[in-house]
Amino acid sequence: MTHQEPEVGAATGALAAVPAAGNRRSLPMPAHLRFYLGPMDCGKSTLALQIDHNHARQGRCGLVLTQGDRSANPRITTRVGMSRAAVELDSSTDLRELVRRQWAAGQRVDYLIVDEAQFLSPEQVEQLVDLVDDSHVDVYAFGLATDFRSRLFPGSQRLFELADTVVALQVEVLCWCGRPGGFNGRVVGGALVREGEQVVIADTATSAETRYQVLCRRHYRGGELGPSRPEEPQLPLS
Ligand SMILES: [Zn+2]
């Protein structure tokens, strides 16, 4: 954003960078990019589908995008039982092209809901910003901030840098000790690991070898997984 000092003695009308009130009213409402973040199981997908529902009820048209579903009919499925058809992305998807194709087919796209947004590439986050700023598409992105090494995902980092609003979700996921858990621990063979590939696509509910467990910082750093291993992911919205 540029900021120009008004010249001394210049007429106020000469400050062309600032639109006059009448002009500003004719501009469409600016769209926005919101990044909602939280650890695993904190209800991100549930909120994503709730926001989609609220907008659709007002007659707005949106697309719901996800990554890592890999089924023939990709969906966002939440742990509290909600589900909705979604468009599957991969790292080669150009999000501007995706939206333009919808428009070319006569489909309105007023907003995008992006689940698993931590898997976006930095370039894809910039494509989202193009859609917000140039095409007035609202974007609601939901994702993890950090990976199992406690490092930012590249896509999440770019979202932090570019989003209009960053919202830390308030549904707390608790560590086994009862403290708020903010760390997504990767557990392999019963032990916490902090090295390895950033993304392992696996069904965490059925994979015996690799699973994820939310921990507080103290127990993440100590690698202490608690007295008993939970059989099921926690249900924070019960
Ligand atoms: Zn703890």
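Any read-out appearing in this document is the output of simple, stated calculations on the displayed coordinates, not a laboratory observation. A quick note: this is a predicted structure, and the numbers were derived from the prediction, not measured. When we count neighbours, we look across all protein chains shown, and the Cβ atoms used for this are built from the backbone with ideal geometry, even at glycine.
Work out the length of the dipole vector of segment 50-128 about its Cα centre, built from +1 on the beta-carbon of each Lys and Arg and -1 on the beta-carbon of each Asp and Glu, and round it to the nearest 20 debye.
Values: 10 positive and 11 negative charges, 88 e Å.
That gives a dipole near 420 debye.
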Seminar exercise, completed: Taking a crude spin-label model, label points 7 Å out from Cα along the C-beta direction, the Met29 to Arg60 distance in nm is 0.7
Problem set entry | Leu162-Ser150 pseudo-label distance in nm [points 7 Å out on the Cα-to-Cβ vector] | 2.9
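As an exercise, use a Förster radius of 25 Å and the Cβ-Cβ distance of Val188 and Ser121 to find the FRET efficiency, rounded to the nearest 0.05. Intermediate values should be presented prior to the final figure.
Numbers: r = 26 Å, r/R0 = 1.04.
Rounded to the nearest 0.05, the efficiency is 0.45.
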For this session: Treat each spin label as a single point 7 Å out from the Cα along the C-beta direction, and report the Ser83 to Arg221 distance in nm.
Result: 4.2
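If you average 1/r over every pair of different alpha-carbon atoms in segment 27-185 and take one over that average, what Kirkwood value in Å do you get? Mind dumping the intermediate values first?
Numbers: mean 1/r = 0.0624 Å⁻¹.
Here the Kirkwood hydrodynamic radius works out to 16.0 Å.
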Exercise. Which trypsin sites (Lys or Arg not before Pro) in segment 126-185 pass both tests, a DSSP loop state and at most 15 other beta-carbon atoms within 10 Å?
Worked result: Arg149, Arg151
Exercise. Once segment 44-87 is represented by equal point scatterers at the alpha-carbon sites, with solvent omitted, what log10 I(q)/I(0) does the Debye formula produce at q = 0.23 Å⁻¹?
Worked result: -0.79
